[in-house]
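Below is one structure. I have some questions about it.
The values are calculated or read from the model by the stated rules, or taken from the named source; none is laboratory data. What you are looking at is a predicted structure, and each value in this text was computed from that prediction instead of being measured. Positions of Cβ are backbone-derived with ideal geometry, glycine not excepted, and every protein chain shown enters the neighbour counts. SASA here: full protein model, heavy atoms, side chains in, ligands and nucleic acids out. Shrake-Rupley method; radii C 1.70, N 1.55, O 1.52, S 1.80 Å.
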Amino acid sequence: MAATEIEPAKNERAIVTHVDTAEVPSAAWGWSGESRRTFRIAGWIVAFALVAMVIGNHKGRIEDVYLVGFAALIVVILVRDTILRRKPR
């Protein structure tokens, strides 16, 4: 094996994924996880930034409508995700 090739982890306990390696081959290297918490925090930061952009030097109100609309859409998605995460399956 060349020095630039990546080898899968030898210790199966070190891999913390809930994905079958037959379905997702990259799970053998531990690359299959995603951080829901990080995505949620980033979503709230983006929504806040969009609302903060309403304060500015523009004269028209159509920009405000789009900024608040996209921020509201992000908030709805975040709230929906939180509700669905708490709901038992």
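Using beta carbons and a limit of 7 Å, which pairs, at least six apart or on different chains, have the first residue in the range 66-77 and closer than 13 Å to residue 44 by Cβ and the second one in a helix (DSSP H, G or I) and open to solvent by 50 Å² or more (accessible area, probe 1.4 Å)?
Note: pairs meeting the criteria are 71/51; 74/46.
Take residue 71 and tell me if it is of a type outside the set (Ser, Thr, Tyr), touching a Leu at 6+ places or on another chain (Cβ under 7 Å) and modelled with pLDDT of 95 or more.
yes
Same structure, new question: With respect to the numbered conditions (1) in a helix (DSSP H, G or I); (2) of a type in the set (A, V, I, L, M, F, W, C); (3) open to solvent by less than 50 Å² (accessible area, probe 1.4 Å), which one is the sole condition not fulfilled by residue 44?
(3)
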